[in-house]
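Structure first, then comments.
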Amino acid sequence: MTKREKILLKAAIVFALLFAIAPTVNAMHIMEGYLPAAYCVAWGIVCLPFLVAGFISLKNKIKTNRRNLTLIAMSGAFIFVISSLKIPSVTGSCSHMTGTGLGAILFGPAAVSVLGIIVLIFQAVLLAHGGLTTLGANTFSMAVAGPLVAFGIYKLCGKLNVNRRVSVFLAAFLGDIFTYCVTSVQLALAYPSEVGGTAASAVKFLGVFAPTQLPLAVIEGILTVVIVIGLETYAVPELRNIGFLKGKEAE
Amino acid sequence: MSKNTKTVIVLLVIAVLIAAIPLFALKDAEFGGSDDAGSVMIEEIEGEYTPWFTPVLETALGGELPGEVESLIFCIQTGIGVGIIAFFMGRFTERRKWQKATGLENADDRKGKQ
């Protein structure tokens, strides 16, 4: 990180803290116009430091080795594919997955926030899915909170010597679930119920999202494992460059 | 068939089953979006709720995006993603074949590392 980038990152963090209004809890796609303006701005500001950090981290990764671009592009493309697939679920409604797990495992959570916001903007502008006013909140849940959990779980599994495929599955699965939990909390913060307040409201929203999302999260976990197997087989040099595979691990 | 190929096939079959079973099991369900279920829930809590901002595209079109066009754009999104992944995967696969064939297996990409 150069000095200027460091200053930029620090400034963004301070800015976010000043405005954070301490949204105590962290909180998928919230529809356009469904979140009060203050919340839209607040979530947007909370995302800023992650986006700045992500931008810097991506820039450095490309600078260290231009070939890293291939895997970055693939992680972004993975989010594009996975988040466009609307899949029927046990509750009788459809939902889609996030696809951010792969990027989080390969490049860390900050980098994914940049990849995620690209997809969210695409969907908000062209598909009226999600929204520009709710972009901040959606970025936070899908491109910041979910990947953070995925990354954390993957690292934790690494420490505990869990089989790599199992840990990839768990990371993507829990990251997806967590994204929807965060969305529920975001909606609940903005719409506390009359009886029971935010908590009761959060339970209600979770009741809508969680059962639908559970099977989809399993699918997301599976697909992420499949693409990781593919990369492990054919893209060993690239994975080594980004430190995902260490020396001998490769075959 | 290698062990990996088997694992991948089994995993993909499971994924397809998870997605397909609800469709057959719940014949009466509408399969609307769960994002919409969210707005229904908001109305339940708040009473009537009018979104204060309409999507830019809907304002420009003066109405909702037609369903067919929406699926078109979703397809484009999938297409872009699959295209990129397939392109690079194709290159990786060919590279490995070529490395094996010429015995240059370890002449890997460290040069790029500097």
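A few comments on the model shown:
- For the stretch A:88-163, the orientation-averaged shadow of the C-alpha convex hull comes to 6.3 nm² (one quarter of the hull surface).
- Average beta carbon contacts from partner chains per residue of B:87-94, 10 Å cutoff: 5
- Across all directions, the average projected area of the convex hull around the alpha carbons of the stretch A:115-251 is 10.0 nm².
- Kirkwood hydrodynamic radius computed over the stretch A:182-234 comes to 12.9 Å, based on all pairs of distinct alpha carbons.
- Simple Cβ-charge dipole of chain A, Lys/Arg +1 and Asp/Glu -1, about Cα centre, in debye nearest 20: 1000 debye
- Using only alpha-carbon positions in the stretch A:40-195, the gyration tensor eigenvalues give semi-axes of 25, 19, 16 Å once each is multiplied by 5 and square-rooted (largest first).
- Size of the B/A contact, given as accessible area buried on both chains, probe 1.4 Å, in Å²: 5800 Å²
- Percent carbon-and-sulfur accessible area, the protein assembly as shown, ignoring ligands, DNA and RNA, probe 1.4 Å: 68 percent
- Per residue accessible area of chain A, 1.4 Å probe, in Å²: 38 Å²
- Overall Cα dimensions of the stretch A:128-188, principal axis frame, Å, largest first: 42, 21, 13
- J(HN,Hα) series, the stretch A:82-99, from Karplus relation 6.51 cos²θ - 1.76 cosθ + 1.60, nearest Hz, glycine and proline x: 4, 7, 9, 8, 8, 10, x, 10, 4, 7, x, 10, 9, 8, 10, 8, 9, x
- In the protein assembly as shown, helices alone account for a calculated mean residue ellipticity at 222 nm of -23500 deg cm²/dmol, with every DSSP H run of four or more residues adding -39,500 (n - 2.57).
- Full-extension gain in nm, residue B:54 to residue B:12, via 0.36 nm per residue minus C-alpha separation: 11.3 nm
- ³J(HN,Hα) computed for each position of the stretch B:66-72 - Karplus, 6.51 cos²θ - 1.76 cosθ + 1.60, integer Hz, glycine/proline x: x, x, 5, 5, 4, 5, 4
- Directionally averaged shadow of the protein assembly as shown, computed from the convex hull of its alpha-carbon atoms, nm²: 20.4 nm²
- Rg(Cα) / (2.2 N^0.38 Å) computed for the stretch A:67-108, rounded to two decimals: 1.40
- Under 5 Å between amide hydrogens, built in the peptide plane, is the criterion, and for residue A:32 it picks out A:130 among residues at least 5 positions away or on other chains.
The values are calculated or read from the model by the stated rules, or taken from the named source; none is laboratory data. Computed from a prediction, not measured in an experiment: that's the story for all the values here. Positions of Cβ are generated from backbone atoms using ideal geometry, with glycine treated the same way; all protein chains shown enter the neighbour counts. These accessible areas exclude ligands, DNA and RNA; they are computed on the full protein's heavy atoms, side chains included. Shrake-Rupley method; radii C 1.70, N 1.55, O 1.52, S 1.80 Å.
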